[in-house]
Structures are given as C-alpha cells and as structure tokens.
Amino acid sequence: MIKQLFNLRGKTALVTGGGQGIGRAIVLALAENGADVVINYLGHEKLAGQTAADAAALGVKARLWRFDISRADLREGWREFAGAGCADIDILVANASLQIRRAWDEIPVVEFDRQVNTNLRPALLLAQELVPRMKAKNWGRILNIGSVQQVRPHTQMCVYAASKSGLVNMVRNLAAQLAPFGITVNNLAPGTIATGRNEAALADAAYRKTVESKIPSGKIGSPEDCAALAALLCSDAGRYITGADLPVDGGMGLCF
C-alpha cells in the first residue's frame, strides 16, 4: 500500500534546472516512480541530454526544454513549448537557481536582478501558468527548492539567501490558497550538497573539513538525499503535507 502511494504513473513533472545536480536526481527519482518528465535547462546541454536519456531508460517519456527561466516572458516561453505537444504538468519543481558570492555592499544591481529573477520570480510565474490545469484535475504538486541559507545566512550570499527566504514565504502564502484544490505546495531546503556548484570549493581539504565541522552529521549530502524527499512530497505519499519548509542538511540549519 505504501509503495503504491509513491506511484506517479500518468503524471508529468516539470523540473527547472533539471539537467544536473539536485535537479537531475529529482528528475530520476520521479521517473523511477513512473512520472513523465520535462527537463528545463540552459547550459550544459550534454548533461541535460544524459539526464533525459537516463530517465527514458526507466520507461517514461522525457523531454528537454532549453529556456532561460530568468526571462520576463517565461510564461509565453512555456506556452510556446507546451504547444509543441507537451502534456499538461501535474508536478512543478522549481529547482533552478543562481548563486553569486559577493560582499553585500559590493553587489551591483545587475547581479541582484539576475539572482532574484532566477531564484524567486520563476516560481511564481510558472505557478500562475500551471495551477489552473492542476485545479481542473483537483491534483497538483508544487515543490520549491530552497537552501540552508534561508536560516543560516552566508556573508557573501546576501541576495541568494534573501531570494530563498522569499520562496519559503511564497510557499506558505500559496499552500493555504491551493489546498482546497488538491494541490500541495512545499519547500525543500538543502544544506551543503556534493554537486557541480560546490565541487571546486569542496576539493580543498581544509575548506571541506571546515564545512563538515558545521554539520552535526559531519557529512556532505548527496543529490539523492534531496531526491528521496522530493519523491515523497510530489506523490500521494505526501498528500497531507503542505506549506512545509523541510531541511535536508544534516542538521546544519540548527547551528549558528
């Protein structure tokens, strides 16, 4: 019975930034449970293609959507793509993000805009576009990917942390409004995860040791740690969870 609750056959998921890292792991976790997937990406075409191939090998349909989600015409871009034969979306995972490290008093407007327009605005625009059809089906899942920086700000990630905190507020705002329509809205907040973004920094043994010392579990997480929770929240197994902000950080958010 529990296994059946994770079954996503007949559902289609859109994962932004789904070609690599946490996004890739979530794509494969949803595909493993039967969901067809639309993988949004911008760069790293080879990695995105491999993710699509790996998802298809699990017996589902996998499509690639190359589009810069920071664009103001995101809704129009989606409509153009969806009009090419893409199925309705049942599950939205707003995963793509941009992180620029810089001291708060040195951040130029262009970098502020790029981070907010990548990390925060697309979650709203895509929800505006996709929720009406979720309502019509009385079933939908929206999962935003936040960050431990929501509660443990970094001295060089002021805007990044603020944008991720904004996602949490958006989740709480939308969750109450959409719950009557069978739509759950949640936030998954990773800690330090072994992805391409962190690869160079974590290759420094001294830096890695410092980071691990701030994590109660003493370990760097893997993308699969995030994907496992995502699979629950995006399926009927998570049907009674909405408005939640769930950390996947080895306890890092507990330490200040």
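When the convex hull of its Cα atoms is viewed from all sides, the range 176-235 shows a mean projected area of 5.5 nm².
Close amide H pairs (under 5 Å, H built 1.01 Å from N) link residue 35 with 8, residues at least 5 positions away or on another chain.
Given the chain, what percent of its DSSP beta bridges are antiparallel, to the nearest 5?
0
Rounded to whole numbers, the Karplus 3J(HN,Hα) couplings from phi for the range 210-227 are 5, 4, 4, 5, 9, 10, x, 6, x, 10, 7, x, 10, x, 5, 4, 6, 5 Hz, using 6.51 cos²θ - 1.76 cosθ + 1.60 with θ = phi - 60°, and x at Gly and Pro.
Only Lys, Arg, Asp and Glu carry charge here, each on its Cβ (+1 for the first two, -1 for the last two); on that basis the chain has a dipole of about 360 debye about its Cα centre. Taking every DSSP helix (H) stretch of at least 4 residues in the chain, weighting each as -39,500 (n - 2.57) and dividing the sum by the residue count yields a mean residue ellipticity at 222 nm of -13500 deg cm²/dmol. The lysines within cross-link reach of residue 135, meaning a Cα-to-Cα straight distance under 17 Å and a gap of 8 or more places when in the same chain, are 11. What residue among 176, 151, 107 has its Cα farthest toward the positive end of the dipole of the chain, where the charges are +1 on Lys, Arg and -1 on Asp, Glu, each on the Cβ? Highest projection toward the positive end goes to 176.
Simple rule: put +1 on each Lys or Arg Cβ and -1 on each Asp or Glu Cβ in the range 2-61, find the dipole, and look at 28, 49, 7; the Cα lying farthest toward the positive end is 7. Taken as Cα centroids, the range 56-121 and the range 167-202 sit 14 Å apart, rounded to the nearest whole angstrom.
Just the number, please: Stokes-Einstein D of the range 120-174 in µm²/s, Kirkwood Rh from C-alpha pairs, 37 °C, 0.692 mPa s.
Translational diffusion coefficient: 267 µm²/s.
Output the peptides 241-249, 50-58 sorted from most to least packed, where packing is the average of other Cβ atoms within 10 Å over each peptide's residues.
On the way: 241-249: 19.2, 50-58: 17.4.
The most tightly packed comes first, giving 241-249, 50-58.
Listing 46, 137 from fewest to most neighbouring C-beta atoms within 10 Å gives 46, 137. For residue 209, the aspartates and glutamates whose Cα comes closer than 18 Å to its Cα, not counting residues fewer than 8 places off in the same chain, are 199, 249. Ordering 242, 211, 193 by Cα displacement along the dipole of the range 174-256 toward the positive end leaves 211 in first place; charges were set at the Cβ atoms of Lys, Arg (+1) and Asp, Glu (-1).
Dipole magnitude of the range 1-95 about its Cα centre, charges +1 at Lys/Arg Cβ and -1 at Asp/Glu Cβ only, in debye to the nearest 20?
Here the range 1-95 has a charge dipole of around 160 debye.
Each peptide in 162-171, 219-228, 30-39 receives the mean, over its residues, of other Cβ atoms within 10 Å, and ordering these scores from highest gives 30-39, 162-171, 219-228.
Over the range 66-215, one equal point on each Cα, no solvent: what is log10 I(q)/I(0) by the Debye formula at q = 0.11, 0.13, 0.16, 0.20 Å⁻¹? Values returned for q = 0.11, 0.13, 0.16, 0.20 Å⁻¹ are -0.50, -0.67, -0.94, -1.26.
Each value in this text was obtained by applying a stated rule to the coordinates, not by laboratory testing. Please read all numbers here as calculations on a predicted model, not as lab measurements. We place every Cβ from the backbone using ideal geometry, glycine too, and count neighbours over all the protein chains shown.
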